[in-house]
Amino acid sequence: MTGGPYVIGCDVGSQGTNSALYAADGTLVASAYQAYDLSFPYPTWAEQDPDFWVAAIERTVGRLVTETPGGSSAIKGISFGSQLDGMVVCDVHAKPLRPAMIWMDRRAEAQAAAVAARVSPQDFYRHVGANLDSSHAVFKALWVRDEEPELWAKAAFLMSPGTYALLAVAGAVAIDYSNASSFALLDPRTRAWSKEMLDALEISGSMLPEVVAGTEAISTVKDSFAEATGLSPSTQVAVGCGDEMAATLGAGVFSPGEVCDVVGTAEPVCAASAEPREDPTMLVECHPHADPDAWLLENPGFVSGGNLRWWRDQFAPIERSAEAEGLGDAYDFLSKEASTVPAGAEGLVFLPCMQGAMAPEWNGAARGVFYGLTLAHTRAHMTRAVLEGSAFGLRDILEAMRNAGLETRRLTIVGGGAKGPLWRQIKADVTGLPVRVPTSVETTATGAAILAAVAAGVHATVADAVDAFVSYQPEEHQPDPERREAYDDAYRRYRDVYFALKPTFASG
């Protein structure tokens, strides 16, 4: 290993922070993880102490410094991929007035409904590229204004988790285009705060951070952060981006038409675009990408891997026991069984709406369904139907992206769901797109490190850094024309079942 240069990327998530040290050629040198707690004080609430993020960044970066060949002076830059849709309400001294409300907090339904009474969802989407939905950060700020007025009277700054992390490391209050977009107050065309929405929601622009590119070297690290971690005070800090955008960039997805399918508990889907676009159906939102020269069409994700885990936990006790005895992976056992079933699961359809739907439309009342069961169907059919249901949801999202004028070219799958070759092939066959998988599993930290490398001058452009940092497994799945035809019929059946049941979902 050479003496550098090196960069650090930090994945600041909701369950913990993963920081990773990379050489200039993209080699992962070391990584460190620090978990922290979440709080759920009431139904629909999800909170976190923002200083947990800071402490975790300090500890993980400090561990990486001790593992750096050539010492801390060889580390040239640091950046972040931070959880989106969070809200940190701070006073005039930039100190939090209350715990952060994170992405899964849904307490602000009343605030979203009140805005919808004044601004139509279509107009809201047209201004900010995002749906009028309580998951977005601005509605959490409105909840504080309505429900905690004594705190709101002291509020001076509204920060994303990424801004709060940047303040702790660099002493700067700024936000990149992607994190700003998760406020649902940014015009994705101008990449500036939307005056129309600020006026409509009665939010002062003075409370919001300055909006800059994620690759901008905003400052060197603060002296206190350098002392706490052992980093050189000359280390450059890139502003960073949202974690979903970092994961997408770290998977090498930044060229127009490339699609990143992030298969974890949920399945966010992002496609790169050279310009901002509008989806007439509003199934996909438009957000600026981590790369300042690109945008993302994005669906925030339906429950996907979570459905498969539920299926394994409830209906595969023998396979789970075999895994516990070290005889193999329970998912692999289930997939092998499902691979014996033909495409389309012989008429069996699964709607992957176990926690509501984000495809074929946003519908919180939708529920999971098996349709078409007969005495001829086995557990293998049902497993395959679960895998196919998620692939049909993915196809819904890709169709919406095409309706927005974007020609999709290829799928790059990341996350735990990328491990299964059967699921990858099903997605290729259902969507008609080739499927590839990056060699790195830490794509969020990789994406943040790419931004740090550009900001610190280790690489001249995002494209150069991606070329160095991202590689792919040799096997690429190609769609099979015969199975593709079978899936066209199965996909139509899936949509027919969903829309036939929509009135039933609405009735509760």
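Scan (1) open to solvent by less than 10 Å² (accessible area, probe 1.4 Å); (2) modelled with pLDDT of 95 or more for the single condition ALA357 breaks and write down its number.
For ALA357, the failing item is (2).
Among the residues that make up the stretch 22-37, is at least one of them touching a Ser or Thr at 6+ places or on another chain (Cβ under 7 Å) and outside any strand (DSSP E or B)?
No - not one qualifying residue is present in the stretch 22-37.
Suppose the filter is assigned to a strand (DSSP E or B) and among the hydrophobic types (A, V, I, L, M, F, W, C); does ILE413 pass it?
Yes; evaluated as a whole, the condition is true for this residue.
Can you tell which of THR68, THR44 is among the hydroxyl-bearing types (Ser, Thr, Tyr) and surrounded by fewer than 16 Cβ atoms within 10 Å (Cβ to Cβ)?
THR44
Do we find that SER321 is open to solvent by 30 Å² or more (accessible area, probe 1.4 Å), in contact with a Leu (Cβ under 7 Å, 6 or more places away or on another chain) and not hydrophobic (A, V, I, L, M, F, W, C) in this structure?
So SER321 fails the test.
Only residues in the stretch 466-484 that are within 30 Å of ALA20 (Cα to Cα) count as the first member; pair them with residues that are in a loop (DSSP other than H, G, I, E, B) and of a type in the set (Val, Ile, Thr), Cβ under 7 angstrom, at least 6 apart or cross-chain, and list the lot.
From residues that are within 30 Å of ALA20 (Cα to Cα), the pairs are SER471/THR439; TYR472/VAL437; TYR472/THR439; GLN473/VAL437; GLN473/THR439.
For ARG59, all conditions in the list (1) within 19 Å of ALA456 (Cα to Cα); (2) modelled with pLDDT of 95 or more; (3) open to solvent by 50 Å² or more (accessible area, probe 1.4 Å); (4) not in a strand (DSSP E or B) hold save one; what is the number of the exception?
Of the numbered conditions (1) within 19 Å of ALA456 (Cα to Cα); (2) modelled with pLDDT of 95 or more; (3) open to solvent by 50 Å² or more (accessible area, probe 1.4 Å); (4) not in a strand (DSSP E or B), the odd one out for ARG59 is (1).
Looking at (1) without any contact (Cβ under 8 Å) to a residue 24 or more places away in the chain; (2) in a helix (DSSP H, G or I); (3) over 23 Å from SER178 (Cα atoms), find the lone condition where PRO41 falls short.
Just one mismatch for PRO41, condition (2).
Please find, among THR446, THR408, THR383, THR439, the residue that is in contact with a strand residue (DSSP E or B) (Cβ under 7 Å, 6 or more places away or on another chain), more than 24 Å from GLN83 (Cβ to Cβ), polar (S, T, N, Q) and open to solvent by less than 20 Å² (accessible area, probe 1.4 Å).
Result of the check over THR446, THR408, THR383, THR439: THR408.
Where in the stretch 146-198 are there helices (runs of 4 or more DSSP H), lying fully within it, with 1 or more residues that are out of contact with any strand residue (DSSP E or B) (no Cβ under 7 Å at 6 or more places or on another chain)?
149-152, 161-170
Filter the stretch 122-145 down to the residues that are of a type in the set (Ser, Thr, Tyr) and outside any helix (DSSP H, G or I) and list them by number.
Result: SER134, SER135.
Go over the candidates ALA117, ALA110 one by one and state the one that is over 30 Å from GLU227 (Cα atoms) and in contact with a Phe, Trp or Tyr (Cβ under 9 Å, 6 or more places away or on another chain).
Values: ALA117 fails: in contact with a Phe, Trp or Tyr (Cβ under 9 Å, 6 or more places away or on another chain).
When all the criteria are applied, what remains is ALA110.
Please list, ordered by residue number, the strands (runs of 3 or more DSSP E) wholly in the stretch 205-310 having 1 or more residues that are among the aromatic types (Phe, Trp, Tyr) and open to solvent by 10 Å² or more (accessible area, probe 1.4 Å).
Passing ranges, in order: 295-303.
The values are calculated or read from the model by the stated rules, or taken from the named source; none is laboratory data. Computed from a predicted structure; not experimentally measured. Here the Cβ is made from the backbone with ideal geometry for all residues, glycine too, and neighbour counts use every protein chain on show. These accessible areas exclude ligands, DNA and RNA; they are computed on the full protein's heavy atoms, side chains included. Shrake-Rupley method; radii C 1.70, N 1.55, O 1.52, S 1.80 Å.
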